[in-house]
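Worksheet: the structure to be examined is printed underneath.
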Amino acid sequence: IWKCKCGTKRRKKGSGWTNLISHLQTAHADAYRVAMDGASATDVSTQMTLVHDKAVNLHGWLRFVIDELLPFNVVEKEGFRQMTSLKPISTATLQHYMDKLTAVVERKVSAMLPTKIALIFDGWTHQSTHYIGIFASFPANSESGYSIALLGVSPLDNEKNLDANEHLKLIEFVLGVFQKNRGNVVALIAENFSVNKL
C-alpha cells in the first residue's frame, strides 16, 4: 500500500498509478511540475509524494525510540505495542535500520564539517562508567557565527585508565568516523574545574 504524504489518496498493491498521478496533478500541481522536469510520471509519483506503509511504520518506531531515549527492545514489549498505533517490529529489525540511519547521519555530519574544527569535550561519570562527550565547533552563517555538532558520546576503551592517552585514542577514533584526524583540530575546549580536590 502506498499513500500520498497529504493522506488523502492511496494505492493498493496491484492497482494502477492513474488515480495517483491525477491526484498529484490537481492537489500538488506546483510540486508535480517541478518534479516532472526530466522524469516519468511513475518516477514522480513514487519519489515525490508517496511513502510505503512499511517505511512510515519504521520511521515511527525509530523516531519513538530516539526521541524518548528508549532501549531498542522496547519495540517487542507488549505494553508499549498496545500504547501505539504502530505495527509490531522486532528488535533485530530496529537495530538493522538504526545502523543504516547512523551511517546516513555520519555521512551528513562528515559532509558538513569543514577542514578545520575545534573540539569541545567533557567527561562525566555515571555509577561506575566514565563517559566522554565530543563535539565539533566551526564557523557558520548563523546568529552566533558558529555551529556545533555532536560527534560522539562513549566510555573510554580502558575504563581502568582515565589518562590522556586513553582520551586521545577515543578522540582519534571519533575523528576517524568523520574522515578527520588530529591535523584538522585547531583547538581543544574543555572545562577548567578541578573536581579532585582533597
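The values are calculated or read from the model by the stated rules, or taken from the named source; none is laboratory data. Remember, it's a predicted structure, so these values are computed and weren't measured experimentally. Neighbour counts run over all protein chains shown; Cβ positions are idealised from the backbone, glycine included. Note: accessible area is taken over every heavy atom of the protein model, side chains too, but ligands, DNA and RNA are not part of it. Shrake-Rupley method; radii C 1.70, N 1.55, O 1.52, S 1.80 Å.
Rounded, prolate or oblate for the stretch 49-138? Axes are the square roots of the Cα gyration tensor eigenvalues, ordered a ≥ b ≥ c, and the cut-off for rounded is a/c under 1.5. Because a/c hits 1.5 or more and a/b fails to exceed b/c, the stretch 49-138 counts as oblate.
Counting only protein heavy atoms and a 1.4 Å probe, the stretch 124-198 has 73 square angstrom of accessible area per residue. Within the shell of other residues whose beta carbon sits under 12 angstrom from the beta carbon of Ile117, the net charge comes to +3, with Lys and Arg scored +1 and Asp and Glu -1.
Taking a threshold of 32 Å on the Cα-Cα distance, which of the pairs Lys5/Lys180; Lys160/Lys180; Lys5/Lys108; Lys5/Lys100 fall above it?
Lys5/Lys180
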